[in-house]
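Notes follow once the structure below has been shown.
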C-alpha cells in the first residue's frame, strides 16, 4: 500500500501535526501524489536527498524577484501522469501563488491554492490538505 505523511496546521492554534495520507477508498493513490506534489512545490531546489533537481529555487526567486514559473511547470509535468487532470496556474498576486486543480482517477476533484514560500493550503472542499 502506498502512503505518505503530511503536516496539517490547526487553523485556530497554529499547531502542526503529522497525518498519514493513503489512497482513496477505491485504491487510487491520487491523494498521496497530491500531497507529494505540494511537498515538492514547498521544497527548496536541491534540498531532496533523493532527487537533487526537484523543488523550487526559492532563494534565487526572492533575490531576482522573478516567479519560479519554469520550475512549477516542470514539477507539474512530473506529476501529471498520476492524475486524469492536473492544472497548475499562477494567480494574479504579488506573491508567487499557484492554483492547483486535480481530477483523480475515480472522478473526484480537488483544488488548492499554494504559495511555495508561504502558509499551507486549503483545498476547495474546505479541508486543509496535508503538505
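Considering 43, 34, the condition of being in contact (Cβ under 8 Å) with a residue 60 or more places away in the chain and under 24 Å from residue 71 (Cβ atoms) is satisfied by 34 alone.
Among residues of region 55-69 that are touching a residue at least 60 places away in the same chain (Cβ under 8 Å), those with a beta-carbon under 9 Å from a residue that is surrounded by fewer than 17 Cβ atoms within 10 Å (Cβ to Cβ) and not in a loop (DSSP other than H, G, I, E, B) at least six positions away or on a different chain give the pairs 56/44. Taking the listed residues 88, 72, the one that is within 25 Å of residue 48 (Cα to Cα), touching a helix residue (DSSP H, G or I) at 6+ places or on another chain (Cβ under 8 Å), in a strand (DSSP E or B) and modelled with pLDDT of 70 or more is 88, with no other qualifying.
Among all positions in region 35-53, there is no residue which is part of a strand (DSSP E or B) and surrounded by 16 or more Cβ atoms within 10 Å (Cβ to Cβ).
Restricting attention to region 54-69, the residues being crowded, with 18+ Cβ neighbours inside 10 Å and part of a helix (DSSP H, G or I) number 2.
Within the option set 31, 23, 11, being touching a strand residue (DSSP E or B) at 6+ places or on another chain (Cβ under 8 Å), in a loop (DSSP other than H, G, I, E, B) and under 23 Å from residue 113 (Cα atoms) holds for one residue only, 11. The one condition from (1) within 16 Å of the chain's Cα centre (by Cα); (2) in a helix (DSSP H, G or I); (3) in contact (Cβ under 8 Å) with a residue 24 or more places away in the chain that residue 6 does not meet is (2).
The values are calculated or read from the model by the stated rules, or taken from the named source; none is laboratory data. Fair warning: this is a prediction, and the values are worked out from it, not measured in the lab. Note that each Cβ is placed from the backbone with ideal geometry, even for glycine, and that neighbours are counted across all protein chains shown.
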